[in-house]
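Colleague: Before anything else, here's the structure in question.
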Amino acid sequence: MERIPDDLVIGGDEAAVLADQLLRDGRPFHAHEVLEAAWKSGPAQERDLWQGLAQIAVGLTHARRGNARGAVTLLRRGAERVRGYQAGASAEAGASARAGAGSRSAAGQPASPFGMNVAVFLAAADDLAVRIERDGLDDIPPADLSPGLLARG
């Protein structure tokens, strides 16, 4: 696959779909580039979401390349950043709800921005980090290094 352009400008919905496909295809480095583009071209309030997801993709890249320490570090760092985003989104939703404004977050959807199943993706990253730290990379099935990002039925 060709490199993702350095000047890519991409919206959240499109970034989620493309990153999901790249991750499922075993191309986490390319997914990282898409997620990085979304972070650079998206609104400031989404920065931690996209940065964290990009860090998880880099962690998956390290795992595929045999760098266990780098994989564990980036998987955990990315998951922590996304959880920070979620905490902030939940706090904003609470403030909006108290002010009488409706919001997607107030409706219980901060875990699924842009159709992404962030909770499942973070659980996969957490589980993978624990397994790599405990057992190394040798027995990790390739499918476990290709988690999906979108909620799919």
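The values are calculated or read from the model by the stated rules, or taken from the named source; none is laboratory data. Keep in mind it's a predicted model, so treat the numbers as computed, not measured. Reconstructed Cβ throughout: ideal geometry from the backbone, glycine too, with neighbour counts over all protein chains shown.
Colleague: Return the residues of region 143-153 that are in a helix (DSSP H, G or I) and of a type outside the set (D, E, K, R); say none if nothing qualifies.
Modeller: Those that are in a helix (DSSP H, G or I) and of a type outside the set (D, E, K, R): A143, L145.
Colleague: Here's another thing I want to ask about it. How do the pairs read when you match residues in region 98-125 that are of a type in the set (S, T, N, Q) and at pLDDT 55 or above with residues anywhere that are exposed (fewer than 13 other Cβ atoms within 10 Å of the Cβ) and in a loop (DSSP other than H, G, I, E, B), using Cβ under 9 Å and keeping only pairs 6 or more apart or on different chains?
Modeller: What qualifies is N117/R152.
Colleague: Considering I140, I132, which residue is of a type in the set (V, I, T), part of a helix (DSSP H, G or I) and touching a residue at least 40 places away in the same chain (Cβ under 8 Å)? Even if it seems obvious, please write down each step before you answer.
Modeller: Working: I140 fails: part of a helix (DSSP H, G or I).
Sole residue among the options that is of a type in the set (V, I, T), part of a helix (DSSP H, G or I) and touching a residue at least 40 places away in the same chain (Cβ under 8 Å): I132.
Colleague: Same structure again: Within region 55-73, is there a residue that is surrounded by fewer than 19 Cβ atoms within 10 Å (Cβ to Cβ), of a type in the set (S, T, N, Q), out of contact with any helix residue (DSSP H, G or I) (no Cβ under 6 Å at 6 or more places or on another chain) and modelled with pLDDT of 95 or more?
Modeller: yes
Colleague: Right, something else. Out of region 1-34, which residues are of a type outside the set (G, A, S), under 17 Å from D144 (Cα atoms), surrounded by fewer than 21 Cβ atoms within 10 Å (Cβ to Cβ) and touching a residue at least 60 places away in the same chain (Cβ under 8 Å)?
Modeller: Scanning region 1-34 gives R24, D25.
Colleague: Just checking, which of A93, A151 is under 19 Å from R24 (Cβ atoms), of a type in the set (A, V, I, L, M) and at pLDDT below 90?
Modeller: Exactly one residue qualifies, and that residue is A151.
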